[in-house]
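Input: one structure, supplied below.
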Amino acid sequence: MALLDILCYPDPRLHTVAQPVQAIDDGLRSIVADMLETMYKSNGIGLAATQVNVHQRLIVIDVSEELNQPLVLINPELVWQSEDRVKGEEGCLSVPGIYDGIERARTVRVLAHDEHGQSRTIEAQGLLSVCIQHEMDHLMGKVFVEYLSPLKQGRIKTKMIKSQRAQQR
Ligand code: K1U
Ligand code: ZN
């Protein structure tokens with residue numbers, strides 16, 4: 001297994017639209033294992049392949065308290081979302097240190113395959129619902145800060161660029 005580098009906002013590669021996974025094979029399972037290791041080591045509850053510069057429709061999530069219930073979603077498709085919406089605090093491993101309230105559908109139903117090729121439908125609420133929607137946005141090239149006002153986005157971009165420059169020194 002290996003730790004993967006996470007792309008940081010405003011890296012333009014975060015805006016790449018991911019392509020469907022063509023084969024669920026050992027190569028893909030190896031990327032899944034690396035993504036899970038990277039997510040746990042970074043204290044994240046989710047990670048989209050886009051964030052590790054792999055532009056395939058692949059997400060890993062674990063919202064369990066014991067961090068022992070990994071969820072692997074390959075080629076996830078949103079089949080239904082509630083009209084009912086809720087606002088919750090979000091963070092992102094690609095935008096370290098930034099948290100803000102984002103409004104999303106309360107409940108979502110998603111169809112996906114797991115790493116063994118098994119298809120499954122997941123109906124999610126609460127943190128799992130938020131996390132699934134956040135990660136599926138990544139696969140479409142969207143970062144959560146892009147829901148915020150242009151003023152906030154500009155400030156976040158400046159802060160990220162400054163901190164990346166400071167780290168390079
Ligand atoms: O996509 C990512 O960068 C992962 C992201 C997922 C996420 C967190 C909170 C709301 C929506 C989506 C993170 O895991 S950021 C880490 C973090 O701030 C966090 C960790 C545990 C619970 C809540 C937030
Ligand atoms: Zn994110």
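Checking VAL110 against (1) touching a strand residue (DSSP E or B) at 6+ places or on another chain (Cβ under 8 Å); (2) assigned to a loop (DSSP other than H, G, I, E, B), which single condition isn't satisfied?
Condition (2) is where VAL110 drops out.
Specify which of the listed residues (ILE98, ILE102) is in a strand (DSSP E or B) and more than 30 Å from ARG29 (Cα to Cα). Steps first, answer last, please.
On the way: ILE98 fails: in a strand (DSSP E or B).
Answer to the check: ILE102.
Right, next: State whether the residues of the stretch 121-137 include one that is on the phi > 0 side of the Ramachandran plot, outside any loop (DSSP other than H, G, I, E, B) and away from ligand 2 (no atom under 16 Å from the Cβ). Break it down stepwise before answering.
First pass over the stretch 121-137, keeping only residues on the phi > 0 side of the Ramachandran plot: 126.
When the remaining residues are screened for being outside any loop (DSSP other than H, G, I, E, B), the result is 126.
So of that shortlist, the ones also away from ligand 2 (no atom under 16 Å from the Cβ) come out as 126.
Within the stretch 121-137, one or more residues are on the phi > 0 side of the Ramachandran plot, outside any loop (DSSP other than H, G, I, E, B) and away from ligand 2 (no atom under 16 Å from the Cβ).
Here is a follow-up. Could you tell me whether any residue of the stretch 86-94 is closer than 21 Å to ALA2 by Cβ, of a type in the set (A, V, I, L, M) and more than 9 Å from ligand 1 (Cβ to nearest atom)? Write out each step before concluding.
Step one: filter the stretch 86-94 for residues closer than 21 Å to ALA2 by Cβ, giving 93-94.
The next check asks that each one be of a type in the set (A, V, I, L, M); those that pass are 93.
Subset that is more than 9 Å from ligand 1 (Cβ to nearest atom): none.
No; the residues of the stretch 86-94 include none that is closer than 21 Å to ALA2 by Cβ, of a type in the set (A, V, I, L, M) and more than 9 Å from ligand 1 (Cβ to nearest atom).
Out of (1) in contact (Cβ under 8 Å) with a residue 24 or more places away in the chain; (2) within 16 Å of ligand 2 (Cβ to nearest atom); (3) in a strand (DSSP E or B), the odd one out for GLU89 is which?
Single failed check for GLU89: (1).
Within the stretch 16-38, count every residue that is surrounded by 14 or more Cβ atoms within 10 Å (Cβ to Cβ) and not acidic (Asp, Glu).
Looking only at the stretch 16-38, we keep the residues that are surrounded by 14 or more Cβ atoms within 10 Å (Cβ to Cβ), and these are 16, 18, 21, 24, 28, 31-38.
Okay, now just the ones that are also not acidic (Asp, Glu), so 16, 18, 21, 24, 28, 31-33, 35-36, 38.
The total comes to 11.
Cβ-Cβ distance below 6 Å, separation of 6 or more or different chains: which pairs start in the stretch 116-140 with a residue that is closer than 11 Å to ILE61 by Cβ and end on one that is within 11 Å of ligand 1 (Cβ to nearest atom) and among the hydroxyl-bearing types (Ser, Thr, Tyr)?
Taking only residues 6 or more apart or on different chains, not a single pair turns up.
Readers should treat all values here as calculations from the given coordinates under stated rules, not as data from a laboratory. Every value quoted in this text rests on a predicted model; they were computed, and no experiment measured them. Backbone-built Cβ (ideal geometry, glycine too); neighbour counts: all protein chains shown.
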